[in-house]
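Okay, structure first, notes after.
The values are calculated or read from the model by the stated rules, or taken from the named source; none is laboratory data. Everything quoted here is computed from the prediction, not taken from an experiment. As a convention, Cβ positions derive from the backbone with ideal geometry for all residues, glycine included, and neighbour counts pool all protein chains shown.
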Amino acid sequence: MARGTFNEELSGVPLFAGFSRKQLAAVSNAGTLIDVEAGNTLISEGDYAREAYVIVRGDVTVRRSGSDIAQLGPGAIVGELGLFAPFVRNATVDTKTDGVVLVLNPPDFMRLVQNEPPLGNRVLGSLARRIRELDTKAYG
């Protein structure tokens, strides 16, 4: 996929909504764009986190201890805790359909956030929402 086409597709990802063309180019240049086929594993439970994946096109299944816990699609980011520290993965993420993902590693992500602070704010907001959801599930 050409970067220009990818930048247009990236603009439809909620995490990057409202970003300028320059900001979208910075995001796409910070990561590695890969085409994925259905049935591939992006993240394996128990492995050390080394990167995060932004689902640009396609769907993924998240499993923990062999049980499906979520179905995610375009706009989702998985493995984002690995951008902040080398955690052990707590779930497996498999591609359900063919698609496109943007792979971000910690050093490139930190440089991107320094240059594009709104992205960092959005990722932190996403993490905060997930923590709130988990808290609500656990404690009501």
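For the residues Val78, Val88, Val56, the requirement of being in contact with a helix residue (DSSP H, G or I) (Cβ under 6 Å, 6 or more places away or on another chain), β-branched (Val, Ile, Thr) and either surrounded by fewer than 19 Cβ atoms within 10 Å (Cβ to Cβ) or modelled with pLDDT under 95 (or both) singles out Val56. Within the range 79-118, the set of residues being part of a helix (DSSP H, G or I) and among the aromatic types (Phe, Trp, Tyr) comprises just one member, Phe109.
State yes or no: is Gly39 within 13 Å of the chain's Cα centre (by Cα), surrounded by fewer than 18 Cβ atoms within 10 Å (Cβ to Cβ) and closer than 23 Å to Glu9 by Cα? The answer is no for Gly39. Going through the range 13-35 one residue at a time, which ones are of a type in the set (Lys, Arg) and surrounded by 12 or more Cβ atoms within 10 Å (Cβ to Cβ)? Within the range 13-35, no residue meets the criteria. Among the residues of the range 99-111, the ones that are within 14 Å of Leu33 (Cβ to Cβ) and either in contact with a Gly (Cβ under 6 Å, 6 or more places away or on another chain) or at pLDDT below 90 (or both) come to 4 in all.
Scanning the range 40-67 for residues that are under 11 Å from Thr95 (Cα atoms) and part of a loop (DSSP other than H, G, I, E, B) returns Asn40, Gly58, Asp59. When the test is whether a residue is at pLDDT 90 or above, assigned to a loop (DSSP other than H, G, I, E, B) and small (Gly, Ala, Ser), Ala70 does not pass it.
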